[in-house]
Amino acid sequence: MSHVSWSRAYFERIRPTFLESWAEDLRALAVSHVHLPLTPVEASALSVTPPLWRERLVASDPEGLHSIAARLQKVLEGAEQGVFVRLGSGSPKDSALFRDHGGCARTPMMALKFLQTSPRTRAHVSRLMELGHPVHLFVRHWVRIPPWQEFRCFMRHRRLVGISQLAHWGDTPDYSLAPMAEEIARTLRDFFVRVAQASHVGSAVFDVLCDTGAGEGAPSRVWLLDANPWGPASDACLFDWSQPEGFDGSFRYLHGR
């Protein structure tokens, strides 16, 4: 979602997919997180990037950054492996620093650097403030998610009309989902009965974590990770927005080597 396209009308259309807009019952199906609504002073401070070589804030840094850092520190005190931090409207995944660290922040300063070195985050913060919408941070304890456990699910009029492997680009993976395909598809279809009931929107594109590695005989578990607006603004993965008839409820994935 590019900030350039965020007219007032477009913003009102996509806002229901932001994490802070989710219905309470839908949040109950998501990966556990800590919600940190930012004050205007804190949100404005995110546009100021301190020197990246610094390991801590100094007195001359904006008051808002110190305030955010203190709130992040409280979350980190209970997160031995670090945290994943994002805005309600999207993650800082376009930050080179974020990618270099695998998205895992072990200090408040690193979490701030992820946000401040992300053009996407900075653009979102700027546009949200222009539109008068509060900026929200969401922080979750770090969990390593293998790419093969993430899926994009397409819900149209509260019906699951497609499931795609999320990591669908690049080389053919060195693993195969084929042995688990039926189980994954069945698990996600069952899960989306609950999503359809809990969702405050009828049509959306959801990213989910499906843990099929819980152990021999253990049931698969699913959590919501993110939501995106229905339509071409969201990556169709192994489906195609220009072929709406292709959303036939199937499960699509890359066949490994």
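The values are calculated or read from the model by the stated rules, or taken from the named source; none is laboratory data. None of these values were measured; they are calculated from a predicted model. FYI the Cβ positions are ideal-geometry reconstructions off the backbone, even for glycines, and counts take in every protein chain you see.
The set of residues in the range 89-113 being surrounded by 19 or more Cβ atoms within 10 Å (Cβ to Cβ) and closer than 22 Å to A167 by Cα consists of S89, G90, S91, P92, S95, F98, G103.
A quick yes/no check of all residues on (1) at pLDDT 95 or above; (2) of a type in the set (A, V, I, L, M); (3) touching a Leu at 6+ places or on another chain (Cβ under 8 Å):
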residue: A178; (1), (2), (3): no, yes, no
residue: D190; (1), (2), (3): yes, no, no
residue: G202; (1), (2), (3): yes, no, no
residue: E216; (1), (2), (3): no, no, no
residue: L225; (1), (2), (3): yes, yes, yes
residue: W241; (1), (2), (3): yes, no, no
residue: D248; (1), (2), (3): yes, no, no
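Tallying residues that are of a type outside the set (F, W, Y) and under 20 Å from R56 (Cα atoms) within the range 93-106 yields 9.
Just so you know, in the range 119-148 the residues that are at pLDDT below 90 and of a type outside the set (V, I, T) include one that is surrounded by the most Cβ atoms within 10 Å (Cβ to Cβ), and it is W148.
Taking into account only those residues within the range 14-61 that are without any contact (Cβ under 8 Å) to a residue 60 or more places away in the chain and not assigned by TED's automatic domain parsing to the domain that holds L131, which is surrounded by the most Cβ atoms within 10 Å (Cβ to Cβ)? Applying the filter and picking the extreme gives R27. Taken over the range 62-89, the residue count meeting the criterion of being closer than 14 Å to R140 by Cα and either in contact with a Cys (Cβ under 8 Å, 6 or more places away or on another chain) or of a type outside the set (D, E, K, R) (or both) is 13.
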